[in-house]
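Structure, as structure tokens:
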Amino acid sequence: MTTSMREALAVASGPVNLAGYETDARPLAPVKHNRDLTNDAAALTALQEQLWAESTAGKERRVLLVLQGMDTAGKGGITEHVVGMFGPIGVQYTAFKKPTKEESEHDFLWRIRKRLPPPGVIGVFDRSHYEDVLVVRVHDLVPPGEWEARYDVINDFEKELVDTGTTVVKCFVHISYDTQRERLLARLQDPDKHWKFNEGDIAERAYWADYQVAYEAVLERTNTEHAPWYVVPGDHKKYRNWAVGQLLHETLLELDPHYPRPDLDVASLETRLAPPH
């Protein structure tokens, strides 16, 4: 029986058919009630603090959480409810938008490299370098030969990251076409969420099938041993958040960070701090 969230959500090697991944599934959920889907915030916070603390003693390890998914999949929700449990000093969040003029003048990884997490930090990419084999493919923004070559470039790039101390956790948050419609309608029906509504999201729905094909190619061709993909069912928000929290928990437990133990003469220092007589 699978007891690891990483095993339960891992993409199998070989051809990928997203139709075979249920968007409303709840692998390893402890019960059927959403109220019980809560992460151990104290344990996650302690592990993140230890990762940060060990970097002050020269350790180079860091974590990069890559969040990909269709509009309304919940990348922001994961950042708020899961990453938000961590202390701010050890987290770096980046939401990649349409490339700026300056970014467009460089290779597609230029802006990505500028936002890689430093030692001890959990970096979060809300969208990422994968946009350059997704959006550009669906909308024919570059010649096919150019985006086709990027799969190998991405694999080499992520291998470089892993070899230099970065643990890469890649999550594709998988939602259904109907769920996206419901979430877009919910934004329209709540005036306080109108600021989140982008009319372009409706136009993008016309390319849903094309995006599914593009994501299948990503999951198949960049699912490597050093940087595997996880498909996170995203129709249930609380399950989605809990699952990503579990993935991070397992990842940090495996890293097993520890607080540094500097050589301090504690007795002498306590004497110096004693109140004057």
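Here are some notes:
- So residue 107, is it farther than 28 Å from residue 202 by Cα, open to solvent by 60 Å² or more (accessible area, probe 1.4 Å) and either at pLDDT 95 or above or of a type in the set (Val, Ile, Thr) (or both): yes
- From the options 156, 140, 126, 107, residue that is among the acidic types (Asp, Glu) and in contact with a Leu (Cβ under 8 Å, 6 or more places away or on another chain): 126
- Every pair of residues 6+ apart whose Cβ atoms lie under 6 Å, when the first sits in the stretch 78-104 and is among the hydroxyl-bearing types (Ser, Thr, Tyr) while the second is surrounded by fewer than 17 Cβ atoms within 10 Å (Cβ to Cβ) and not in a strand (DSSP E or B): 94/115
- No other residue among 264, 253, 269 is more than 16 Å from residue 175 (Cβ to Cβ), open to solvent by 90 Å² or more (accessible area, probe 1.4 Å), among the hydrophobic types (A, V, I, L, M, F, W, C) and at pLDDT below 95 apart from 264.
- Only residues that are of a type outside the set (Asp, Glu) and surrounded by 13 or more Cβ atoms within 10 Å (Cβ to Cβ) were counted across the stretch 13-37, and they come to 11.
- Residue in the stretch 223-236 that is surrounded by the most Cβ atoms within 10 Å (Cβ to Cβ), counting only those that are within 15 Å of the chain's Cα centre (by Cα) and farther than 17 Å from residue 20 by Cβ: 227
- Cross-chain or 6+ apart pairs with Cβ under 9 Å, the stretch 11-25 first and of a type in the set (Ser, Thr, Tyr), then surrounded by 13 or more Cβ atoms within 10 Å (Cβ to Cβ) and part of a helix (DSSP H, G or I): 13/220; 23/179
The values are calculated or read from the model by the stated rules, or taken from the named source; none is laboratory data. Just so you know, these numbers come straight off a predicted model, no measurement behind them. So basically every Cβ, Gly included, is an ideal-geometry build from the backbone, and we count neighbours across all protein chains shown. Note: accessible area is taken over every heavy atom of the protein model, side chains too, but ligands, DNA and RNA are not part of it. Shrake-Rupley method; radii C 1.70, N 1.55, O 1.52, S 1.80 Å.
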